[in-house]
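The values are calculated or read from the model by the stated rules, or taken from the named source; none is laboratory data. Nothing here was measured: the structure is a model prediction, and the numbers come from that model. For neighbour counting, all protein chains shown are included, and Cβ atoms are generated from backbone atoms with ideal geometry for every residue, glycine included.
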Amino acid sequence: MGIDANQLTELQNSGENTSDYFDKVQWQLFNFKVRAKTETYQNEPRVKVTVLEAEPVSFVAETRHLLDLLRARV
């Protein structure tokens, strides 16, 4: 998003308009590295998902990877 999470929180707390930061990344594709774990709250299991990394999709790298997979199958 071009801004640190702490900086975004400070901007939100100060009352500034933060929608510009979200508009920049809206409709863009990202690769996410996430961690999911089940936690129990009031005897009810819930899945907690945490985003560890978010990177824009590199179409060149993804295409090379897919081509390598196809070549390995032939």
**Prompt:** Consider Arg64 against the criteria (1) at pLDDT 95 or above; (2) under 18 Å from the mean Cα position of the chain (by Cα); (3) not β-branched (Val, Ile, Thr): it satisfies all of them except one. Which criterion is unmet?
**Reply:** (2)
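A quick yes/no check of all residues on (1) of a type in the set (D, E, K, R); (2) surrounded by fewer than 10 Cβ atoms within 10 Å (Cβ to Cβ):
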residue: Gly15; (1), (2): no, yes
residue: Thr18; (1), (2): no, no
residue: Gln26; (1), (2): no, yes
residue: Val34; (1), (2): no, no
residue: Glu39; (1), (2): yes, yes
residue: Asn43; (1), (2): no, yes
residue: Arg46; (1), (2): yes, no
residue: Leu52; (1), (2): no, yes
residue: Thr63; (1), (2): no, no
**Complete:** Of the residues in region 1-39, those that are β-branched (Val, Ile, Thr) and either under 13 Å from the mean Cα position of the chain (by Cα) or at pLDDT below 95 (or both) come to Ile3, Thr9, Thr18, Val25, Val34
